[in-house]
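> One structure, pasted below without further comment.
The values are calculated or read from the model by the stated rules, or taken from the named source; none is laboratory data. None of the values given here were measured: they were computed from a predicted structure. For neighbour counting, all protein chains shown are included, and Cβ atoms are generated from backbone atoms with ideal geometry for every residue, glycine included. Surface accessibility is based on the protein's heavy atoms, side chains included, excluding ligands, DNA and RNA. Shrake-Rupley method; radii C 1.70, N 1.55, O 1.52, S 1.80 Å.
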Amino acid sequence: SSGINAECTITMPVLCQTCGGKAILKRPKNGKKLCKECFYNVFEDEIHQTIIQNKLFNPGDKVAIGASGGKDSTVLAHIMKVLNERHNYRLELFLLSIDEGITGYRDDSLETVQRNRLQYNLPLTILSYKELYNWTMDEIVKQIGMKNNCTFCGVFRRQALDRGAWKLKCNKIVTGHNADDIAETVLMNILRGDIARLGRCTSITTGQDGMVSRCKPFKYTYEKEIVMYAHFKKLDYFTTECIYSPNAYRGHARTFLKDLEKIRPRVILDIIKSGEDMSIKEEVS
């Protein structure tokens, strides 16, 4: 009988729900168990479908990839290059980095971007706050303190990306904003009572008043899956958080979202959908 008991304790390997091979991960988005190759395929194809369904690009577009050296922008650069070649989008791709002048943070992450330039064989342009505005973020924080510095930086950064794109004669900018980022922004706008901003924050493409069009190919892509993809593909990215962001309001929305995600993984996409629906009603009224 001990032999029978011993046999009963043998556990079967978990199988990939797509190909039947050995599963090595469970998708945070839907709980599906997949092998590495099937995960790569579904991850890349979902982003391709997002690009196609939302008509993000046209053949001949010159596209600046906002490159910070972090996981999102590194995976974005990799994915844009892969999909452009695989599906013949016929895009001209550039890496565009902004140096905010944050010692011990941005200078290190720009070294990662320099390596990405070589790894993906894409031209890189770096613009600094110092050359554009004659201020660095370190100098700004020294003047105004830690409060509201993310607001200043966000405004400067958006304008710097526009100016970089104009310099490169690009007609599109792609950023690594993922589903978690967008859901957090929806929550922040609701908590602040700023319903008017919901339309802009949930839009997959923005840019008006002569600004360069911006696209978010990762709008429906979970942050955890971006990390998984970068990990399994062994992509070269920078992991340190900005030294000025720990007190940012977004951090509270992020913590709340992570708690909700543990209970209901779909909540990230549900919040984005709610933001879209609320912004449509706002426009109608």
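> Of the conditions (1) closer than 14 Å to Gly176 by Cβ; (2) modelled with pLDDT under 95; (3) hydroxyl-bearing (Ser, Thr, Tyr), Thr103 satisfies every one except a single condition; which number is it?
Only one criterion is unmet by Thr103, namely (1).
> Could you say whether any residue in region 116-123 is out of contact with any helix residue (DSSP H, G or I) (no Cβ under 7 Å at 6 or more places or on another chain), more than 21 Å from Arg158 (Cα to Cα), charged (D, E, K, R) and surrounded by fewer than 21 Cβ atoms within 10 Å (Cβ to Cβ)?
Within region 116-123, one or more residues are out of contact with any helix residue (DSSP H, G or I) (no Cβ under 7 Å at 6 or more places or on another chain), more than 21 Å from Arg158 (Cα to Cα), charged (D, E, K, R) and surrounded by fewer than 21 Cβ atoms within 10 Å (Cβ to Cβ).
> Starting from residues that are of a type in the set (D, E, K, R) and over 23 Å from Gln53 (Cα atoms), keep the ones in region 194-214 and report whichever is modelled with the lowest pLDDT.
Residue satisfying both the conditions and the ranking: Asp209.
> Limited to region 134-145, what total is found for residues that are without any contact (Cβ under 8 Å) to a residue 60 or more places away in the chain and surrounded by 15 or more Cβ atoms within 10 Å (Cβ to Cβ)?
Looking only at that region, the number is 4.
Rundown of residues vs (1) without any contact (Cβ under 8 Å) to a residue 60 or more places away in the chain; (2) within 22 Å of Phe152 (Cβ to Cβ); (3) surrounded by 15 or more Cβ atoms within 10 Å (Cβ to Cβ), yes/no style:
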position: Gln49; (1), (2), (3): yes, no, no
position: Leu56; (1), (2), (3): no, no, yes
position: Gly70; (1), (2), (3): no, yes, yes
position: Leu83; (1), (2), (3): yes, no, yes
position: Asn88; (1), (2), (3): yes, no, no
position: Leu110; (1), (2), (3): yes, yes, yes
position: Val113; (1), (2), (3): yes, no, yes
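> Here are some residues: Phe218, Phe238. Which one is of a type in the set (Phe, Trp, Tyr), modelled with pLDDT of 95 or more and not in a helix (DSSP H, G or I)?
None of the others qualify; the one that does is Phe218.
> Go through region 246-262 and give me each residue that's touching a residue at least 12 places away in the same chain (Cβ under 8 Å), outside any helix (DSSP H, G or I) and open to solvent by 30 Å² or more (accessible area, probe 1.4 Å).
The answer is Asn247, and nothing else.
> Considering only region 91-112, how many residues are among the hydrophobic types (A, V, I, L, M, F, W, C), touching a strand residue (DSSP E or B) at 6+ places or on another chain (Cβ under 8 Å) and over 19 Å from Lys172 (Cβ atoms)?
1
> Residue by residue through region 145-194, note down the ones that are of a type in the set (Asp, Glu) and within 26 Å of Ile47 (Cα to Cα).
Asp162, Asp180, Asp181, Glu184, listed by residue number.
> Another question about this same structure. Does Lys29 satisfy the condition of being in contact with a helix residue (DSSP H, G or I) (Cβ under 8 Å, 6 or more places away or on another chain), at pLDDT below 95 and open to solvent by 30 Å² or more (accessible area, probe 1.4 Å)?
Judged against the criteria, Lys29 is a match.
> Sort out which residues of region 214-228 are among the hydroxyl-bearing types (Ser, Thr, Tyr) and open to solvent by 30 Å² or more (accessible area, probe 1.4 Å), and write them in order of number.
Tyr220
> Right, here's the next one. Restricting attention to region 213-223, which residues are in contact (Cβ under 8 Å) with a residue 60 or more places away in the chain, more than 12 Å from Asp181 (Cβ to Cβ) and in contact with a Lys or Arg (Cβ under 8 Å, 6 or more places away or on another chain)?
Cys215
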